[in-house]
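Below you'll find the structure, written out as structure tokens, and then a few comments.
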Amino acid sequence: MIIGLTGSICAGKGEVVNYLKSLGFEAHSLSDVLREELAKRGIEKTRDNLIALGNDLRREHGNGVLAKIISQKLVPSKNIVVDSIRNPEEIQELRHVQGFFLVGVDALEEVRFQRMISRNRPGDPKTLEEFRKINENLGVAHCQQVSHCMSMADCILLNNVPLQSFHRKIDNMLKDRGFKIRGRISIDEYFLKLAGVVAERSTCHRHRVGAVAVKDKKILTTGYNGAATKTKDCLELGCLRDELGIKSGTMHEVCRAIHAEQNVIIQAAQHGINLEGATIYCTHSPCILCAKMLANAKIKKFITYSDYPEQEFLKLFKETGIEFEKKERPQDRIFFKD
């Protein structure tokens with residue numbers, strides 16, 4: 001499924017992209033083509049420069065030029081969203097891609113204007129009259145023609161409702177197209193998501209690491225990387241390892257932080273909890289020191305979704321019979337249902 005997005009400024013296209021990304025969609029934007037070209041030319045990436053460059057490229061190479069460039073990155077077998085479609089010939093070009101359909105996103109003018117005022121970006125208009133002028137350049141073939149693009153949309157999403165209700169509108173649009181909205185998450189994804197929440201308490205500048213010890217689907221202890229109790233942490237003092245130029249994954253002893261896995265073990269010891277046979281869910285794979293401690297704690301399994309800079313633990317885990325599994329990173333969004 002390849003979804004194209006067009007719509008009025010500040011209507012909520014970015015929110016549609018973010019929500020679709022949380023459902024596993026790959027995101028592309030015609031504006032990214034322009035940003036890359038501005039970077040090559042050494043030109044500042046302002047709204048006016050993006051618009052001017054887009055108009056110039058369309059004038060020189062045809063109105064569908066941005067869509068032609070982006071089409072080379074689109075794989076029909078994937079779920080993809082393409083943002084920033086603003087010219088009818090871009091739509092015509094993208095309709096040659098299998099599975100493409102166009103979604104228009106809109107909202108009441110006063111709602112969109114207030115959103116622009118709230119975001120307060122440099123160069124944004126400050127009056128309603130100025131706001132109206134930037135929406136459209138009708139009648140000029142090589143310029144933005146958002147209203148014309150909206151008239152070509154296969155469906156329209158009106159974003160005048162609270163965010164959760166807007167997400168439901170997107171869900172319904174996807175269901176109408178045969179897209180299966182995710183159901184209940186797996187038990188591994190559940191505990192990995194919890195490990196990610198635990199990591200948000202980290203005081204480390206380099207790696208936010210969270211770990212959760214689980215047995216029989218029950219949480220035993222949690223831990224995140226941070227300074228020892230009653231000592232100042234890196235958020236206050238800065239990173240000691242950065243100051244000394246120590247490479248990540250080396251000289252673990254020169255650090256203010258105790259690792260997340262170590263804190264899991266310490267918490268278990270404090271509360272008289274036996275970790276034997278437990279599974280550790282962690283945002284990162286362990287360093288060799290943590291791996292040794294986990295082996296002595298007699299854990300059964302270690303599950304993660306990203307790598308710590310060193311991989312020495314693999315040999316130790318194999319030798320001690322600890323199962324290791326690397327999963328896909330769970331989606332950051334929490335899906336609430338009424």
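The values are calculated or read from the model by the stated rules, or taken from the named source; none is laboratory data. Just so you know, these numbers come straight off a predicted model, no measurement behind them. Cβ atoms come from the backbone with ideal geometry, glycine included; neighbour counts cover every protein chain shown. In case anyone asks, the SASA skips ligands and DNA or RNA and just uses the protein heavy atoms, side chains included. Shrake-Rupley method; radii C 1.70, N 1.55, O 1.52, S 1.80 Å.
Just a few scattered comments:
- Per-selection Kirkwood Rh - the chain (Cα, Å, 1 d.p.): 23.4
- C-alpha long axis of helix 260-270 to longest principal axis of the chain, angle in °: 40
- Take 274-284, 108-118 and order them by the average number of nearby Cβ atoms within 10 Å per residue, most first; the result is 274-284, 108-118.
- Principal-axis tilt of helix 163-176 within the chain, Cα atoms, nearest 10 degrees: 80
- Dipole magnitude (debye, nearest 20) for the range 1-149, charges at Cβ of Lys, Arg, Asp, Glu: 260
- Positive contributions from Lys and Arg (+1) and negative ones from Asp and Glu (-1), summed over other residues with Cβ under 13 Å from the Cβ of residue 244, come out at +1.
- When +1 charges are put on Lys and Arg Cβ atoms and -1 charges on Asp and Glu Cβ atoms, the dipole computed for the chain relative to its Cα centre reaches about 720 debye.
- Helix 187-199 vs. the chain, principal-axis angle (Cα, 0 to 90°, nearest 10): 90
- Phi-based couplings in Hz for the range 219-231 (Karplus 6.51, -1.76, 1.60; Gly and Pro marked x): 6, 8, 8, 10, x, 9, 7, x, 5, 4, 3, 6, 10
- Accessible surface of residue 48 - all protein chains present, 1.4 Å probe, nearest 10 Å²: 110
- Accessible area of the chain divided out per residue, in Å², using a probe of 1.4 angstrom: 54
- Within the range 226-293, trypsin sites (Lys or Arg not before Pro) in DSSP loop having at most 16 other beta-carbon neighbours inside 10 Å: 230, 232, 247
- Most positive-pole-ward Cα, 9, 117, 22, against dipole of the range 1-141 from beta carbon charges: 22
- Estimated 222 nm signal from helices in the chain, with DSSP H stretches of n ≥ 4 weighted -39500 (n - 2.57), rounded to 500: -11500 deg cm²/dmol
- The peptide list 260-269, 210-219, put in order of mean Cβ contacts within 10 Å with the highest first, becomes 260-269, 210-219.
- Amide proton proximity set for residue 302, modelled H, under 5 Å, gap of 5+: 280, 323, 324, 325
- Where both bridge residues fall in the chain, DSSP classifies roughly 30% of the beta bridges as antiparallel.
- Note on the range 235-277: with charges restricted to the Cβ of Lys and Arg (+1) and Asp and Glu (-1), its dipole about the Cα centre is near 60 debye.
- Classified by the C-alpha gyration tensor, the range 208-336 has a rounded form. Its axis ratio a/c, with a ≥ b ≥ c, is below 1.5.
- At 0.890 mPa s and 25 °C, Stokes diffusion of the range 158-282 via Kirkwood alpha-carbon radius, µm² per second: 141
- Two-site label geometry, residue 232 and residue 251: point separation in nm, points 7 Å out along Cα→Cβ: 2.1
- Checked against a 31 Å cut-off, the cross-linked pairs 169/215; 78/217; 169/301; 68/180; 13/193; 13/78 give Cα-Cα distances beyond that limit for 169/215; 78/217; 169/301.
- Gap separating the Cα centres of the range 191-250 and the range 160-181, nearest whole Å: 36
- The range 1-44: C-alpha gyration tensor shape, a/c 1.5 cut-off, then a/b vs b/c: prolate
- Percent carbon-and-sulfur accessible area, the chain, ignoring ligands, DNA and RNA, probe 1.4 Å: 50
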